[in-house]
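Note sheet for the following structure.
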Amino acid sequence: MNWKYLIAFLLVGSLVLQSCESDKKTTTTQTKAPVEKKVKIPAFSADNAFAYIEKQLSFGPRVPGTEEHAACKDWLVSELEAHGADVVVQDFIANIYTGDKWQSYNIIGQINPEEKKRIILAAHWDTRMIAEEDKNKNRQKEPILGADDGGSGVGVLLEIAKILKENPIEDLGIDIIFFDAEDQGKRGPTEPPNLWCLGSQYWSKNKHKKGYRANYGILLDMVGGKNPYFGKDLISKEYAGVLQEKVWRLAHGMGYSDMFSMETTGNLVDDHYFVNTIAGIPMIDIINYTPGEDNGFADHWHTHNDDISAINKRTLKAVGQVVTAAIYKESGNTFK
Ligand code: AHN
Ligand code: ZN
């Protein structure tokens, strides 16, 4: 065979092959299942999460507009950056129901910022300006330390940021969002829900990046108390029911059925409510709430007993390990 024929033969052959491939492409465009990879799920350290809570408490109560709050913000930013996150601080003024206008900050730590497929892990980082549930009337006007209510979710997520630095994942972006001014709302059955969760409302209307999208989000709120009851709240069920189901099934498979209850709880207004309804991103809440009991929250809730003694390491471990497993399984496309 002479060279000219050989080259012509190869050219025609490759054209035929190419056309076959483009045929294949056009016929298999629907739901091509992503490749499943077995990923190792790193161990979550409850000791580290506990230390991150202690560190937050060392600043004092983190009420928006105070020095303690600003100092803790700087530390949170540096800690996320130390764990390799690309951090955006979103400044805003929180208009509190009292008429106060407080300087507030949403803190967003982006991991793999260029990845299209993204998951949000969120918690509020502010602490309540009053202790209206405290038995001691003289101290009800003082702000709380918020070890569980404020500290716990952040502590768990900082440990997850550390894990992500030490065990990098590919093909998946994570945004750790610390919402501010969640807990400065007005209590009462007739009060509008939008007096709460001012940071998540602000973020949902003004995302940190133009055109920002995430596949879904997981919110942690009061995830450090002893003997918690993590039931399925109805807001999560309505807007992100499939995800809620998957996370609760995962928790049961990991041996945490004593904390994660398959029962539904109630319509809990929390940061996830606004992310679901305003931003349109499905987000579930893992929150210690027992319906029908008094206010439904733990005994230390909105009291001065919400200090480090309210924190239980086994609870931190359960929540932290479940969320860690969810994201590593997601990165391996085996979260089902
Ligand atoms: C209300 O009490 C309206 N929502 C519960 C959200 C919350 C308060 N999370 C922590 N503190
Ligand atoms: Zn609270």
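Details
- Gain in span if fully extended, Q30 to D91, counting 0.36 nm per residue against the direct Cα distance: 17.8 nm
- Translational diffusion of the chain, estimated by Stokes-Einstein from the Kirkwood radius over alpha carbon pairs at 10 °C in a medium of 1.306 mPa s, is 75 µm² per second.
- Under 5 Å between amide hydrogens, built in the peptide plane, is the criterion, and for W301 it picks out nothing among residues at least 5 positions away or on other chains.
- Rounded to the nearest 10 degrees, the inclination of helix 46-58 to the longest alpha-carbon principal axis of the chain is 50 degrees.
- Folded to 0 to 90 degrees: helix 153-166 orientation relative to the chain principal axis, Cα: 30
- Average Cα contact separation per residue, the chain, under 8 Å, 6 or more apart, as relative contact order %: 23
- Cross-link pairs beyond the 20 Å C-alpha cut-off, checked among K38/K336; K165/K210; K162/K226; K38/K246; K117/K329; K116/K237: K165/K210; K162/K226; K116/K237
- Adding -39500 (n - 2.57) for every DSSP H run of four residues or longer, then dividing by how many residues the chain holds, sets the calculated 222 nm ellipticity at -11500 deg cm²/dmol.
- For K117, the residues whose amide H sits under 5 Å from its own are G173, ignoring neighbours fewer than 5 places away on the same chain, with H placed 1.01 Å from N.
- For the Cα trace of region 131-181, dividing Rg by the Kirkwood Rh returns an Rg/Rh value of 1.23.
- Averaging Cα coordinates gives a centre for region 272-336 and one for region 149-180; these two points are 13 Å apart.
- Dipole magnitude (debye, nearest 20) for the chain, charges at Cβ of Lys, Arg, Asp, Glu: 1460
- Local electrostatic count at I41 - Lys and Arg +1, Asp and Glu -1, tallied over other residues with Cβ under 12 Å: +2
- FRET efficiency for D307 and T98, using Cβ-Cβ distance with R0 set to 25 Å, rounded to 0.05: 0.50
- Packing-based ranking, highest mean first, of 73-83, 205-215, 269-279 given that Cβ atoms within 10 Å are counted: 269-279, 73-83, 205-215
- 3J(HN,Hα) from dihedral phi, region 107-114, Karplus parametrisation 6.51/-1.76/1.60, rounded to Hz, x for glycine, proline: 10, 10, x, 9, 10, 6, x, 8
- Difference of contour (0.36 nm per residue) and Cα-Cα distance, V242 to N267: 7.3 nm
- Computed over the alpha-carbon pairs of region 52-116, the distance histogram in 10 Å steps reads 21, 43, 28, 8, 0 percent, short to long.
- Local electrostatic count, I281, Cβ distance below 10 Å [Lys/Arg +1, Asp/Glu -1]: +3
- Helix 67-82 vs. the chain, principal-axis angle (Cα, 0 to 90°, nearest 10): 20
- Here's the list of aspartates and glutamates a cross-link from K232 could span, going by alpha-carbon distance under 12 Å and ignoring same-chain residues fewer than 8 apart: E245, E263, D285.
- Given R0 = 56 Å, the distance between the Cβ atoms of E132 and E170 translates into a calculated FRET efficiency of 0.75.
- Region 83-140, relative contact order [Cα under 8 Å, separation at least 6], %: 27
- What the Cβ-Cβ distance of K226 and E142 gives, at R0 = 30 Å and to the nearest 0.05, is a FRET efficiency of 0.80.
- Taking amide hydrogens as placed 1.01 Å from N in the peptide plane, the amide H of I286 sits under 5 Å from those of L219, L220, D221, each at least 5 positions away in sequence or on another chain.
Read the figures in this text as sums done on the coordinates, not as results from a lab. Note that the structure is a prediction, hence the values are computed from the model and not measured. Here Cβ is always computed from backbone atoms with ideal geometry, including for glycine, and neighbour counts include all displayed protein chains.
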